[in-house]
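Step one of this worksheet: look at the structure below.
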Amino acid sequence: MDTEDLPSGPGKFAGTVKVGEKGQIVIPKGARDLFGINPGDTLLLLADAEQGIAIVRQDLFDSFIAQAMPSRPGAQRAADEE
């Protein structure tokens, strides 16, 4: 796939990564910078057989869930950590 055909511009990133022997990928610097991903951050990987894979910072996902489902156990703690 040619990444030139993918959406680009402010707030967007397109690139390719290779999976290493241990199943690891390196997130390109441009994507890390765009999404504020730093060494030591915990990322949540969501996968769907039909829609693919999404990766999001765990703290952002926790904050989203706390706002969307305030009665969920631990939701207030996640909201307080913002």
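Condition check ((1) aliphatic (A, V, I, L, M); (2) without any contact (Cβ under 8 Å) to a residue 24 or more places away in the chain; (3) closer than 25 Å to Ser63 by Cα) across all residues:
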position: Ser8; (1), (2), (3): no, yes, no
position: Ala14; (1), (2), (3): yes, yes, no
position: Val17; (1), (2), (3): yes, yes, no
position: Gly20; (1), (2), (3): no, yes, no
position: Ala31; (1), (2), (3): yes, yes, yes
position: Thr42; (1), (2), (3): no, yes, yes
position: Glu50; (1), (2), (3): no, yes, no
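Applying the criterion of at least 1 residues that are under 11 Å from the mean Cα position of the chain (by Cα) and either surrounded by 13 or more Cβ atoms within 10 Å (Cβ to Cβ) or modelled with pLDDT of 95 or more (or both) to the helices (runs of 4 or more DSSP H) found wholly in the chain leaves 29-35, 58-68.
The values are calculated or read from the model by the stated rules, or taken from the named source; none is laboratory data. Model, not experiment: these values are computed from the prediction. Heads up, the Cβs are rebuilt from the backbone with ideal geometry, glycines too, and the neighbour counts pull from every protein chain shown.
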